[in-house]
Structure formats: C-alpha cells, structure tokens
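The values are calculated or read from the model by the stated rules, or taken from the named source; none is laboratory data. Not measured: the values here are computed from a predicted model. No Cβ is skipped: glycine too gets one built from the backbone with ideal geometry, and neighbour counts run over all protein chains shown. Keep in mind that these areas ignore ligands, DNA and RNA; they rest on the heavy atoms of the full protein, side chains included. Shrake-Rupley method; radii C 1.70, N 1.55, O 1.52, S 1.80 Å.
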Amino acid sequence: MQFEVIPVAQYGIDPRTIAAMDYRVRNKGVTAGMNVATFHFGLRGAGKAQLGFKPLAHTLASQGVGYYLDANWSGKQVRTNDSHSEALFYRSDFFTDLRRGDQWPTANVIDWVFTERPACGGAWWGQKRVQGGCADLLNQFDETQRLRKWDNDPNEPEPYAERDDLQITVLCLDLNKDLTFNQNISSAVAAYKKLNSIR
C-alpha cells in the first residue's frame with residue numbers, strides 16, 4: 001500500500017478529488033463531520049475489457065455513527081467507529097454486488113482510494129487495540145488483490161506470489177493543523193462552490 005497527501009486547497013481541483021467534493025456539495029445529508037471517500041477500480045488484466053468489464057469508481061460518505069466496546073474485563077469502554085467510508089466497503093450494495101459477481105478482485109482491482117481524513121488506526125485502550133481501523137481494512141484489501149491466487153493464467157509462476165503492480169494508493173487531504181476538520185472542509189467546499197457557481 002502506498003500513501004499520498006493532497007493539499008486541502010486542491011480539494012475539488014485535483015481530478016481524483018472531484019467526485020468526493022461533488023458528492024459532498026450535492027448531498028444535503030452529508031455533514032461537515034462525515035468522511036467522504038472515492039474508491040477507484042482499474043482492470044486486473046488488459047484482456048478483461050474484452051469480456052465486458054470496465055473501470056469503475058464509487059463515492060460514498062461515512063454514517064458518522066460511533067458505538068462503545070468493552071476494552072477490558074472491568075467494564076472500561078472505548079468509543080469505536082466502523083461507519084467510515086472505507087469500512088462501508090463491506091456493507092454497501094455496490095461493493096456487495098461487486099464481490100458477489102466475482103468482479104473484485106478477479107477482474108476489477110482497487111487502484112486508489114481517496115479519503116478526506118487519513119485512514120484511522122482503530123480504537124485503543126492504553127497499549128491494547130480494541131478494534132482495527134480503516135487503515136487495517138485498506139491493508140487487507142491490498143493484500144487480497146495482490147495475491148495471485150485470483151489469477152488463472154497458467155503461464156505465470158508461483159500462483160500465490162504477491163504482485164506489486166496491484167497495490168492500492170491511499171490519498172488523503174493534507175489538512176491545516178491549525179483548523180478543525182470541519183473548518184478545513186467548510187473552506188474547501190466554499191471555494192469549490194464559488195469556482196463552479198453552485199449555491
């Protein structure tokens with residue numbers, strides 16, 4: 001997995017961020033505190049295009065819902081959140097259909113994911129990880145599609161060797177540390193609306 005940051009001033013300008021910004025601006029139910037992510041899928045092999053497969057992209061927002069889990073036997077609780085857009089990969093109809101139809105990772109692979117916030121490392125209580133986070137999920141996606149067990153080309157060596165050309169690039173905003181997430185997003189949205197004459 002590779003990581004890249006995009007300046008918050010480029011949100012809605014960098015082509016990889018436009019779908020997420022447009023989703024945020026045009027969906028009134030998306031609050032400033034929700035995270036919006038875009039998954040971009042490329043084709044696993046050049047020959048797949050002839051079989052009717054095509055590159056895909058899907059954008060969705062987190063649910064913004066957290067809940068508490070017991071961190072230890074004494075009842076100490078830690079707030080966790082599996083509603084991030086990255087986590088919704090498991091519950092969104094789009095992704096469910098993609099996996100059920102054997103398109104991911106057989107034909108389409110995630111080549112990049114844009115997420116407004118950096119993918120989180122999960123919920124911790126002291127040195128104990130109570131729940132894995134979105135960074136762990138993205139790493140699992142990366143490992144799943146890089147394993148060649150999905151390939152059926154008999155000419156390739158080592159059917160379970162990892163393929164470096166199938167790793168995911170995770171893009172996130174380089175937020176201004178002096179501002180809250182909401183302030184960063186609000187100013188970017190205002191600039192996008194002004195640039196595109198959106199009320």
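The table for this structure:
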quantity: Of all residues in region 129-169 being in contact with a helix residue (DSSP H, G or I) (Cβ under 8 Å, 6 or more places away or on another chain) and basic (Lys, Arg), the one that is modelled with the lowest pLDDT; calculated: Arg163
quantity: Criterion violated by Phe41 - all others in (1) at pLDDT below 80; (2) in contact with a Pro (Cβ under 7 Å, 6 or more places away or on another chain); (3) not basic (Lys, Arg) satisfied; calculated: (1)
quantity: Considering residues of region 91-107 that are of a type in the set (Gly, Ala, Ser) and open to solvent by less than 30 Å² (accessible area, probe 1.4 Å) only, the residue modelled with the lowest pLDDT; calculated: Ser92
quantity: Residue, surrounded by the most Cβ atoms within 10 Å (Cβ to Cβ), within region 1-38, restricted to residues that are at pLDDT 90 or above, of a type in the set (S, T, N, Q) and part of a loop (DSSP other than H, G, I, E, B); calculated: Thr17
quantity: Selection within region 112-128 - at pLDDT 80 or above and either of a type in the set (S, T, N, Q) or open to solvent by 50 Å² or more (accessible area, probe 1.4 Å) (or both); calculated: Thr115, Arg117, Pro118
quantity: Checking Ala190 against (1) at pLDDT 85 or above; (2) open to solvent by 70 Å² or more (accessible area, probe 1.4 Å), the condition it does not meet; calculated: (2)
